[in-house]
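Beneath this line is the structure, given in structure tokens, with notes to follow.
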Amino acid sequence: MKPGYQKYIPFQPQKIVGRTWPDKVITKAPIWCSVDLRDGNQALVDPMNLQEKLEYFHTLIDIGVKEIEIGFPSASETEYEICRELIEGGHIPDDVTIQVLVQAREHLIKKTFEAIRGAKNVILHFYNSTSTLQRKVVFHMDTDGITKIATDAADLIYEMSRPLIEEGMNLRFEYSPESFMGTEMDYAVEICQAVLDHLHATPDNKVILNLPTTVENCMPNQFADMLEYFCKKIPGRDCAIISLHPHNDRGTGVATTEMGLLAGADRVEATLFGNGERTGNVDMITLAMNMWTQGIDPQLNFSNINKIKEMYERCTKMPVGDRQPYAGKLVFTAFSGSHQDAINKGTQYMKESGTEYWEIPYLPIDPADVGREYEPIIRINSQSGKGGAAYIMEHNFGFDLPKAMHPEFGHIVQVETDKVGTEIAPERINELFHQEYIDVKEPYKLLKHAFQESVDSEGHSHVTFWGTLQHTDTIFKVSGEGNGPIDAFFNAIKDEKMARFSFLDYASHAITNGSDSQGVAYILLKDQRDGKEYWGVGLSHNINLAPLRAILSAINRAKRNHQ
Ligand code: KIV
Ligand code: ZN
């Protein structure tokens, strides 16, 4: 064998002239078929038991899936029993079709017909492998031999279906040339046309031709070329529903499906969260929500993705990754400072502009569309910027910090995240805020105070302030006058070694927490001695007291800085 990468045979692309798929766009949802209970189930370490399969089946129905492959009833007694329970237990709504898989082998086909007795709508799905590699190493057969397996099965299925159809069963057929991706396209056309003929397919009685990427071994554009070629070449195109069944070995199952739809497919077989053999089947949720974000109704309901995820993880014992599109724990979270900033601005823009569209950078979808509106979008670690901490203070605790204060508080939070090296919770951010601004009661403290206000004949207000302050162990009285409470207080403390501070900025608002409403004031002072600026924050039920506390908070912080 050749060493390393040289031992692999490169994929031979299908030659196609005048391809049209790259110019197309997806405009409507395909027919969806879930293969969770078959392809997904057969790939599990512990396949689902009856109860789990029933719960999963009902979830698929709630999502709106109308075609569900329930298993491989001829493969084992358990699979057979599950099929019978679904039919006899009345679990299948009238508008839902169950699909059963069977190999193109006589005794298995007969057993499958037994399993579907009494069902209203059924798709009988049979397959045999057609690829060059499988013909060479597994079947040791030429193409005629492989075609005969498929057409013999088609004949038997057609014959056995007659009485059931006469009794009123809505029985349709699906054929998969398994390993289609590794099959020469002219041969794929030949075998599929033979199957259509043997099943007497007509435009009114279409047969599903399911074209699987059993193993995904080429690029999505190469697959789209194959599919367009196949659709153009097959004589009975109007007698067939072209179905995709993508796996994900190269990690491009979604792209393969989307390009396959451009190239002419009508139907998609997929699973929730992409469960399935090896790297999985294509993920139905990603496909559907990708359509949703392009303004297309996917005809499936994923409005409560967390509930679906919980069911999926419990029944399959497979974890959904934190970065799984639309469903992962972190997919609506921004840690990075610039992303947080843009999300903030986008949210603001949407509020102010009244736009009808979703226009928030870094959030391709409104989390509410998948029922995730209550999860934190902005979380704080060492990568986060100044806006992130302010966002948390506003959204979690109601403190609308002045924009000019964001860098100062952002820095305080960043020092902490650098120190701990992990994400910090909103509660810790709030604690830092209180420690830094609100609980700084040293060295100055306001013990008692009173205001008197008078308004002169010209409508000007005059306020007098009297207060008792404490500086470490010394208690002293101050008084001052001004045109408002802040001015009066500021004048009162000027003579008490606080004259070096000048007033730069002020903001205030109410914080309502249930029926309790408090005022918060933010004040920016400048220390004339060194030119440094300090924010102070004051909180009080009394609207006049909050700014006084804010002034003392700023002064105390400045003093602390000079110790
Ligand atoms: O991946 C595959 O080819 C299959 C077929 C049985 C349809 O699962
Ligand atoms: Zn498969």
For this session: Return the total of residues in the range 1-51 being assigned to a helix (DSSP H, G or I), within 16 Å of ligand 1 (Cβ to nearest atom) and out of contact with any helix residue (DSSP H, G or I) (no Cβ under 8 Å at 6 or more places or on another chain).
Result: 3
Problem set entry | Number of the condition not met by Ala554 [criteria: (1) assigned to a helix (DSSP H, G or I); (2) open to solvent by 10 Å² or more (accessible area, probe 1.4 Å); (3) closer than 18 Å to Lys403 by Cβ] | (2)
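One line per residue, one yes/no per condition, for (1) of a type in the set (Asp, Glu); (2) modelled with pLDDT under 95; (3) under 22 Å from the mean Cα position of the chain (by Cα):
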position: Lys24; (1), (2), (3): no, no, no
position: Pro30; (1), (2), (3): no, no, yes
position: Ser34; (1), (2), (3): no, no, yes
position: Leu37; (1), (2), (3): no, no, no
position: Gly40; (1), (2), (3): no, no, yes
position: Ala43; (1), (2), (3): no, no, no
position: Asp46; (1), (2), (3): yes, no, no
position: Glu52; (1), (2), (3): yes, no, no
position: Thr59; (1), (2), (3): no, no, yes
Problem set entry | Within the range 386-436, considering residues that are within 16 Å of Phe335 (Cα to Cα) and assigned to a loop (DSSP other than H, G, I, E, B), the one least open to solvent (accessible area, probe 1.4 Å) | Ala425
Seminar exercise, completed: A careful count of residues in the range 42-78 that are open to solvent by 10 Å² or more (accessible area, probe 1.4 Å) and within 16 Å of ligand 2 (Cβ to nearest atom) gives 7
Problem set entry | Candidate set: the range 477-505, residues that are outside any helix (DSSP H, G or I) and touching a helix residue (DSSP H, G or I) at 6+ places or on another chain (Cβ under 7 Å); chosen: the one nearest to Ala558 (Cα to Cα) | Phe501
For this session: Tell me the strands (runs of 3 or more DSSP E) entirely within the range 65-160 that contain at least 1 residues that are of a type in the set (Phe, Trp, Tyr).
Result: 121-129
Problem set entry | Subset of the range 83-105 [over 29 Å from Thr147 (Cα atoms) and open to solvent by 10 Å² or more (accessible area, probe 1.4 Å)] | Arg84, Glu85, Ile87, Glu88, Gly89, Gly90, His91, Ile92, Pro93, Asp94, Asp95
Exercise. Among (1) open to solvent by 40 Å² or more (accessible area, probe 1.4 Å); (2) within 16 Å of ligand 2 (Cβ to nearest atom); (3) aliphatic (A, V, I, L, M), where does Ile123 come up short?
Worked result: (1)
Exercise. Just checking, which of Ile109, Ile146 is touching a Leu at 6+ places or on another chain (Cβ under 7 Å), more than 16 Å from ligand 2 (Cβ to nearest atom) and modelled with pLDDT of 95 or more?
Worked result: Ile109
Exercise. For the range 130-144, how many residues meet the condition of being open to solvent by 10 Å² or more (accessible area, probe 1.4 Å) and either within 16 Å of ligand 1 (Cβ to nearest atom) or in contact with a Ser or Thr (Cβ under 6 Å, 6 or more places away or on another chain) (or both)?
Worked result: 6
Exercise. Does the range 340-350 include one or more residues that are more than 28 Å from Val45 (Cβ to Cβ), open to solvent by 70 Å² or more (accessible area, probe 1.4 Å), modelled with pLDDT under 95 and among the small types (Gly, Ala, Ser)?
Worked result: no
Seminar exercise, completed: Note on the range 472-498: residues at pLDDT 90 or above, over 14 Å from Ile551 (Cα atoms) and open to solvent by 20 Å² or more (accessible area, probe 1.4 Å) are Thr474, Ile475, Phe476, Lys477, Ser479, Glu481, Asn483
Exercise. Can you tell which of Ala265, Ala270, Ala240, Ala288 is more than 16 Å from ligand 2 (Cβ to nearest atom) and over 15 Å from the mean Cα position of the chain (by Cα)?
Worked result: Ala240
For this session: Could you please let me know if Lys309 is open to solvent by less than 50 Å² (accessible area, probe 1.4 Å), in contact (Cβ under 8 Å) with a residue 12 or more places away in the chain and among the charged types (D, E, K, R)?
Result: yes
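The values are calculated or read from the model by the stated rules, or taken from the named source; none is laboratory data. Just so you know, these numbers come straight off a predicted model, no measurement behind them. No Cβ is skipped: glycine too gets one built from the backbone with ideal geometry, and neighbour counts run over all protein chains shown. These accessible areas exclude ligands, DNA and RNA; they are computed on the full protein's heavy atoms, side chains included. Shrake-Rupley method; radii C 1.70, N 1.55, O 1.52, S 1.80 Å.
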